[in-house]
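**Q** My structure is below; once you've seen it, I'll send some questions.
Bear in mind these aren't lab numbers, they're just calculated from the coordinates by the rules spelled out. Predicted model, so just to flag it, every value in this text is computed and none were measured. Because the Cβ atoms are built from the backbone with ideal geometry, glycine has one as well, and the counts that use them run over all protein chains shown.
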Amino acid sequence: MKKLTARPSPLFITCASLLLACSQGNSNTIYIGIGVAQTSNVALLGQEQVAGAKIAEKYFNDKGGVDGTPIKLVFQDTGGDEQGAINAFNTLINQAQVVGIVGPTLSQQAFSADPIADRAKVPVLGPSNTAKGIPQIGDYVARVSAPMAVVAPNAVKAALKQNPNIKKVAVFFAQNDAFSTSETETFQTTVKDMGLELATVQKFLTTDTDFQSQATNAINVKPDLIIISGLAADGGNLIKQLRELGYKGVIIGGNGLNTSNVFSVCKALCDGVLIAQAYSPEYENEINKAFREAYRAQFKKEPPQFSAQAFTGVQVFVDSLKVINSQAKVSQKPVAELRTQLNQQLLGGKYDTPLGEISFTPEGEINQKDFYVAQIKMDADGKNGKFEFLK
Ligand code: 1QQ
């Protein structure tokens, strides 16, 4: 049997063409699919997921993989839209014969692609899908990304702690994106629950580049706080244009802005933006220390949330496969059987991850304890910046 080593996507050799090495269960490698955005504007977020997944692949293989059986990640680019995610999932399921999939990047994509994996009985771990309703897509869908319903309110609380005089709030959201419409609901409810005035709600599209009219509308109500639910390119441009039009108040960005890739969009004008976090590089456990060290050695900066969550997705699969393997060799099992067992096993387990200790509800929602808030600090020239975690 030929050894499966590097399989460049999209022209990789399928398991079928290698005498069913993977699907017949006599391969000495376990394939895990990574279906995230490697192209399009959504790659501003997806890039960080690729980095986290690759660190996990090396980390776990250096530790012997699944008790001696190496894992191999199969990367399939989803691009930024629904069809790209559907295509990537189909390829991973039918050609690459992966045991499970970490992906896609956006909730907007998950609502289209996850049902395909669910019908094929292939476990999916959402690495960054934070909208309401993701685990409810199906029995085979879980996520390691805590929903914004629990993460996002922390940013509003932090903004008020820093600026007790905030009264009036303007909210922006991308109306063509499932995550943004879900996150803004949380933000709007939080604002009202905290006794603040929701003075205006402005809508835009993730494809927009010009925000002059919405930004002017918002500035006219004289808000002390502006909250943005969008993705990195549009959200970054919106921040830039708000500042250029003279807005001096506080800005909260949602999860779609949670990447240093926005720095090149809003440059020095990104400074001060508050963003809630489901990961802290300083979390103290052994696996986070190892992850942080590996990330810093490669990228010379602190690991971001999306990388930590992608690492965690791979870890949940590997840890669960180890438990299955202790009962019967995973490399001997037909892939269909392994996928079903893996789904059952992962939902019942507890994991010590870079995100802290996590587990799942029977529906596939993550149980996670610790959340944080970071503030963007840009150098004066606007070239470099960092996320500073608030105490
Ligand atoms: C979602 C998200 C994205 C903005 C993260 C990449 O949280 O789509 O649910």
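**Q** Expected output is a single nm value to one decimal: the length gained when fully extending between S40 and R296, i.e. 0.36 nm times separation in residues minus the C-alpha distance. What is it?
**A** 89.6 nm
**Q** Taking the Cα centre as origin and putting +1 on Lys and Arg beta-carbons and -1 on Asp and Glu beta-carbons, what dipole magnitude results for segment 271-391, to the nearest 20 debye?
**A** Here segment 271-391 has a charge dipole of around 380 debye.
**Q** Using DSSP, restrict attention to beta bridges with both residues in the chain and report what percent are antiparallel, rounded to the nearest 5.
**A** The answer is about 35 percent antiparallel.
**Q** Arrange the following residues from fewest to most other Cβ atoms within 10 Å of their Cβ: M194, M378.
**A** So the residues, fewest neighbours to most, are M194, M378.
**Q** State to the nearest 20 debye the size of the charge dipole of the chain about its Cα centre, where the only charges are +1 on K and R beta carbons and -1 on D and E beta carbons.
**A** About 580 debye.
**Q** For segment 178-186, take each phi angle, set θ = phi - 60°, evaluate the Karplus expression 6.51 cos²θ - 1.76 cosθ + 1.60, and give the result in whole Hz per residue in order, putting x for glycine and proline.
**A** Rounded to whole hertz, the list is 5, 5, 5, 6, 6, 4, 5, 4, 4.
**Q** Any idea what Rg and Dmax come out to for segment 73-204 if you just take the C-alpha atoms, in Å?
**A** Final numbers for Rg and Dmax: 17.6, 57 Å.
**Q** Next question, about the same structure. In the neighborhood of A178, defined by Cβ-to-Cβ distances under 11 Å, what is the net charge if each Lys or Arg adds +1 and each Asp or Glu adds -1?
**A** Value of the local net charge: -2.
**Q** Between helix 286-299 and the chain, what is the angle of the helix's C-alpha long axis to the longest principal axis, kept within 0 to 90° and rounded to the nearest 10?
**A** On a 0 to 90 degree scale, this one is about 70.
**Q** Quick one: what are the phi-derived ³J(HN,Hα) couplings along segment 318-330, Karplus 6.51/-1.76/1.60 with θ = phi - 60°, whole Hz, x for glycine and proline?
**A** 5, 4, 5, 4, 5, 5, 4, 5, 6, 9, 7, 3, 5
**Q** Along the charge dipole of the chain, Cβ charges K/R +1 and D/E -1, which of N367, A51, T207 sits furthest on the positive end?
**A** Among N367, A51, T207, the one farthest towards the positive end of the dipole of the chain is A51.
**Q** Expressed as a whole number of Å, what is the distance separating the alpha-carbon centroids of segment 319-387 and segment 71-113?
**A** Segment 71-113 and segment 319-387 have Cα centres spaced 17 Å from each other.
**Q** Tell me, what is the percent relative contact order of the chain, built from C-alpha pairs under 8 Å that lie six or more residues apart?
**A** Once normalised by length, the contact order is 18 percent.
**Q** Moving to a separate point now. Report, in degrees rounded to the nearest 10, the 0 to 90 angle that the Cα long axis of helix 232-244 makes with the longest principal axis of the chain.
**A** 10
**Q** I want to verify a result. In a Gaussian network model of the chain, Cα cutoff 10 Å, which of these has the top mean-square fluctuation: K54, K267, K369?
**A** It is K369.
**Q** Then there is this: Within the chain, what is the longest stretch that has no GluC sites (Glu not before Pro) placed in a DSSP loop and near at most 15 other beta-carbon atoms within 10 Å?
**A** Maximal segment without exposed cleavage sites: 1-281.
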